[in-house]
1. Taking the residues in the stretch 46-77 that are in contact with a helix residue (DSSP H, G or I) (Cβ under 9 Å, 6 or more places away or on another chain) and within 16 Å of residue 2 (Cβ to Cβ) as candidates, determine which candidate is surrounded by the most Cβ atoms within 10 Å (Cβ to Cβ).
2. State whether one or more residues within the stretch 22-45 are surrounded by 10 or more Cβ atoms within 10 Å (Cβ to Cβ), modelled with pLDDT of 90 or more and assigned to a helix (DSSP H, G or I).
């Protein structure tokens, strides 16, 4: 299950920028396995969303960032709904 947050950056001039983010679990290590949570930034290209841990896209209002998170969640839910849940075969 993914978690979402909005990263708030306050600039030296007092301006605030809002960056929507989504979490993912990453497994690392060779002999000893470790898990850590990585936060990826949600990027919007037209009507499509992508995530990236280095590139960021910020918004001037928290409401715009919240709308981006909700839009991303809807897109992910839609993709999950279109995935194949199970496959069965009928032998003849």
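The values are calculated or read from the model by the stated rules, or taken from the named source; none is laboratory data. Remember, it's a predicted structure, so these values are computed and weren't measured experimentally. Reconstructed Cβ throughout: ideal geometry from the backbone, glycine too, with neighbour counts over all protein chains shown.
1. To start, the set of residues in the stretch 46-77 that are in contact with a helix residue (DSSP H, G or I) (Cβ under 9 Å, 6 or more places away or on another chain) comprises 47-49, 51, 57-59.
Subsequent filtering for residues that are within 16 Å of residue 2 (Cβ to Cβ) retains 49, 51.
Details: 49: 19, 51: 17.
Checking each candidate, the answer is 49.
2. Taking every residue of the stretch 22-45 in turn, none turns out to be surrounded by 10 or more Cβ atoms within 10 Å (Cβ to Cβ), modelled with pLDDT of 90 or more and assigned to a helix (DSSP H, G or I).
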